Amino acid sequence: MVDQNNLFEDLKTWILQLPSVTQATHRFGGTEFQVEGLEFMHHRGPSFLDIRLSKIDQATALKKGTAIPHRFAPQAGWVSFRIEKAEDLGPAKELIRLAYENAKTNMEAYRTSVQSKLG
């Protein structure tokens, strides 16, 4: 039997090694991961991940079957992913990397916008 807690701890260690990533308590429980304060992923238990993708990446992941629709906020790019075995970590990391890159890009655009307004 696979210990999902160990799998999640391995994944969490990997996520926290991404540049500028921090973790915080998620407003609905569990842990969320952020880039410069922008959440890009959270989990509900050790095996259920919610990941925020760009709309294009979301559509691709859903079409390919690498993610499932998010229950509450699919309109915002969220997808869900279940970790059931060690082999699921690779596809989870691919989705998380996309979400991380998207969040990082969004925060850079936001900073640029604020700086231009401040002149």
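Candidates in segment 99-119 are the residues that are modelled with pLDDT under 90 and β-branched (Val, Ile, Thr); of these, the one that is farthest from the chain's Cα centre (by Cα) is VAL114.
Scanning segment 41-53 for residues that are open to solvent by 30 Å² or more (accessible area, probe 1.4 Å) and under 15 Å from GLU94 (Cβ atoms) yields a single hit, ARG52. Can you say whether LYS12 is within 19 Å of LYS104 (Cα to Cα), open to solvent by 80 Å² or more (accessible area, probe 1.4 Å) and within 15 Å of the chain's Cα centre (by Cα), as far as the supplied structure shows? It is false that LYS12 is within 19 Å of LYS104 (Cα to Cα), open to solvent by 80 Å² or more (accessible area, probe 1.4 Å) and within 15 Å of the chain's Cα centre (by Cα).
All conditions but one from (1) acidic (Asp, Glu); (2) assigned to a strand (DSSP E or B); (3) farther than 21 Å from ARG71 by Cβ apply to GLU32; the one that does not is (3). If you go through segment 54-89 and keep only what is of a type in the set (Val, Ile, Thr) and open to solvent by 20 Å² or more (accessible area, probe 1.4 Å), you end up with ILE56, THR60, THR66, ILE68. For the condition in contact with a helix residue (DSSP H, G or I) (Cβ under 8 Å, 6 or more places away or on another chain), open to solvent by less than 80 Å² (accessible area, probe 1.4 Å) and over 20 Å from LYS64 (Cβ atoms), ALA92 does not qualify.
Looking only at segment 22-40, filter to residues that are open to solvent by 20 Å² or more (accessible area, probe 1.4 Å) and among the hydrophobic types (A, V, I, L, M, F, W, C); which one of those is farthest from GLU84 (Cα to Cα)? Before you say what the answer is, go through the steps one by one.
Just the residues of segment 22-40 that are open to solvent by 20 Å² or more (accessible area, probe 1.4 Å), to begin with: 22-25, 27-31, 34, 36-39.
Subsequent filtering for residues that are among the hydrophobic types (A, V, I, L, M, F, W, C) retains 24, 28, 38.
Details: ALA24: 24, PHE28: 22, LEU38: 27 Å.
Within segment 22-40, the match that is farthest from GLU84 (Cα to Cα) is LEU38.
Filtered by the rule that a residue be closer than 15 Å to LYS12 by Cα and of a type outside the set (Gly, Ala, Ser), segment 63-90 gives PHE81, ARG82, ILE83, ASP88, LEU89. So in segment 98-119, with the set limited to residues that are closer than 24 Å to GLU9 by Cβ and touching a Leu at 6+ places or on another chain (Cβ under 8 Å), which one is surrounded by the most Cβ atoms within 10 Å (Cβ to Cβ)? Checking each candidate, the answer is ALA99.
Checked against the criterion of being closer than 23 Å to LEU7 by Cβ and at pLDDT below 95, the candidates ILE83, ILE96 yield just one match: ILE83.
The values are calculated or read from the model by the stated rules, or taken from the named source; none is laboratory data. Nothing here was measured: the structure is a model prediction, and the numbers come from that model. Here the Cβ is made from the backbone with ideal geometry for all residues, glycine too, and neighbour counts use every protein chain on show. The protein model used for the area step is the full one, side chains on, heavy atoms only, and it has no ligands, DNA or RNA in it. Shrake-Rupley method; radii C 1.70, N 1.55, O 1.52, S 1.80 Å.
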